[in-house]
1. When segment 177-219 is examined, which residues are found to be assigned to a helix (DSSP H, G or I), surrounded by 19 or more Cβ atoms within 10 Å (Cβ to Cβ) and not polar (S, T, N, Q)?
2. I'd like the full set of residues that are modelled with pLDDT under 70 and among the basic types (Lys, Arg), limited to segment 1-53.
3. Out of LEU224, LEU180, I need the residue that is at pLDDT 85 or above, aliphatic (A, V, I, L, M) and over 15 Å from the mean Cα position of the chain (by Cα). Which one?
4. What residue, among those in segment 96-121 that are modelled with pLDDT of 90 or more and assigned to a strand (DSSP E or B), is surrounded by the fewest Cβ atoms within 10 Å (Cβ to Cβ)?
5. Kindly establish whether GLU302 is at pLDDT below 75, under 16 Å from ARG368 (Cα atoms) and not assigned by TED's automatic domain parsing to the domain that holds LYS63.
6. Go through (1) in contact (Cβ under 8 Å) with a residue 60 or more places away in the chain; (2) β-branched (Val, Ile, Thr); (3) in contact with a Leu (Cβ under 9 Å, 6 or more places away or on another chain) for THR207 and report which single condition fails.
7. Just one of the numbered conditions (1) outside the structural domain of THR98 (by TED's automatic domain parsing); (2) under 19 Å from MET208 (Cβ atoms) is not true of GLU25; which one?
Amino acid sequence: MDDNDSALLNDSGEQTKERAIAKAEEVVNGLNNVVLNIAVTGETGAGKSSFVNAIRGVKVGEKGSAPIGVTECTTEVTMYPHPTMPNVRIWDLPGIGTPRFKAKTYLKDVKFKNYDFFIIVSAFRFKENDLTLAKEIKKQKKNFYFVRSKIDLDVRNEMENGRAEEEVLHHIREDCLRNLSELGPPPIFLITSKDLSKFDFQKLQETMESDLPSQKKDVIVLSLPVYSMQSLEKKYSTLKKAIWALAVVSGGIAVAPVPGLSFAIDTTMVGSFFTNCYFSFGLDDKTLRKLSDRVDKPILEEVKKSKLMQAIVNSSPLTTNMAAKLGAAGIAEALSSLVPIAGSAVAAGVSFLSTRSVLLEGLDELYRVAKKVIEMAGLQ
């Protein structure tokens with residue numbers, strides 16, 4: 001077994017080259033095409049539109065944000081695409097029990113089967129309609145999660161009365177559990193959409209992940225905003241485990257006897273991957289500017305020191321060094337492909353190792369930048 005095959009089997013966890021290649025194609029297809037539909041529902045004023053905006057990383061009032069107001073803003077089923085991952089769709093549903101969406105026909109009216117799971121949001125006590133909805137979802141064997149929103153306001157108000165934060169959170173959680181006791185111990189998460197790094201959002205993400213199949217699990221990890229070091233580490237791990245699969249696809253392309261094809265597609269593939277990392281890590285100007293304003297630190301200026309960041313911002317998501325590596329590999333592939341049969345295998349191996357090396361190098365650089373951002377913002 002040569003070094004290429006050994007690296008391929010080690011990265012894929014498979015026993016044969018054929019199974020590893022098949023798995024690679026499945027992984028790449030999953031990253032690009034797996035669709036995740038998340039339904040968010042709750043009564044008027046519960047904060048569900050704020051929650052929709054928060055998990056998309058969109059600021060209130062920003063173009064494409066869900067409208068927020070004191071009256072019922074959601075009167076129709078409304079889909080909000082993720083700003084950088086269009087295969088992730090957040091559906092803002094009208095509250096159950098409204099004149100147009102009665103409790104008895106609610107699931108049918110909102111097209112229940114379209115969603116992977118439901119998030120039921122309340123700013124106060126969960127009510128009978130919330131319980132009714134959860135029971136029906138459970139009957140249909142789909143997952144649901146209760147989100148008690150605006151917790152920051154409750155904590156602040158109660159602490160002004162002399163109560164400790166942990167005591168307040170315990171009291172709210174126990175009250176929710178009593179109110180929903182008919183469901184057994186239901187999944188309840190206390191959050192504030194103003195700051196996902198606080199309270200139970202991390203637990204909510206972990207629970208949603210554990211309940212989803214593997215490919216959709218990766219999609220939700222990459223789509224949620226970076227709000228802590230732990231969330232960044234998960235994104236890094238998810239992206240890193242996809243690199244070998246992208247490199248395998250690159251190796252397959254290298255076998256095609258078309259001069260320059262492998263280099264052109266490798267360059268496009270690598271650039272696209274780094275751009276996806278850039279947005280997933282929250283390193284785009286818009287996200288960093290909002291974070292800089294919030295913590296009152298020059299974060300945007302700090303991250304511009306990265307050469308790869310500069311290349312991505314300038315719409316050329318490869319550094320000169322990376323382009324040179326892929327170019328050298330392209331020449332080697334072209335020469336190898338001139339040799340029948342054996343040359344094709346060599347070309348594929350060259351493409352796999354060179355693309356894998358460049359992808360790992362770039363991912364690590366963007367990860368270091370994102371880690372620095374987390375540290376500067378104090379989001380440990």
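The values are calculated or read from the model by the stated rules, or taken from the named source; none is laboratory data. None of these values were measured; they are calculated from a predicted model. All Cβ positions, even for glycine, are placed from backbone atoms using ideal geometry, and neighbour counts span all protein chains on display.
1. Hits for segment 177-219 are PHE201, LEU204, MET208, LYS216, ASP218, VAL219.
2. Matches in segment 1-53: LYS17 only.
3. LEU180
4. PHE117
5. In short, yes.
6. Checking THR207 against (1) in contact (Cβ under 8 Å) with a residue 60 or more places away in the chain; (2) β-branched (Val, Ile, Thr); (3) in contact with a Leu (Cβ under 9 Å, 6 or more places away or on another chain), the one that fails is (3).
7. Condition (2) is where GLU25 drops out.
Yes/no matrix, rows are residues, columns are (1) within 27 Å of LEU177 (Cα to Cα); (2) in contact with an Asp or Glu (Cβ under 9 Å, 6 or more places away or on another chain); (3) hydroxyl-bearing (Ser, Thr, Tyr):
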{"position": "ASN29", "(1), (2), (3)": "no, no, no"}
{"position": "ALA66", "(1), (2), (3)": "no, yes, no"}
{"position": "TYR80", "(1), (2), (3)": "no, yes, yes"}
{"position": "ARG89", "(1), (2), (3)": "no, no, no"}
{"position": "LYS104", "(1), (2), (3)": "yes, no, no"}
{"position": "LYS113", "(1), (2), (3)": "no, no, no"}
{"position": "SER122", "(1), (2), (3)": "yes, yes, yes"}
{"position": "LEU133", "(1), (2), (3)": "yes, no, no"}
{"position": "GLU136", "(1), (2), (3)": "yes, no, no"}
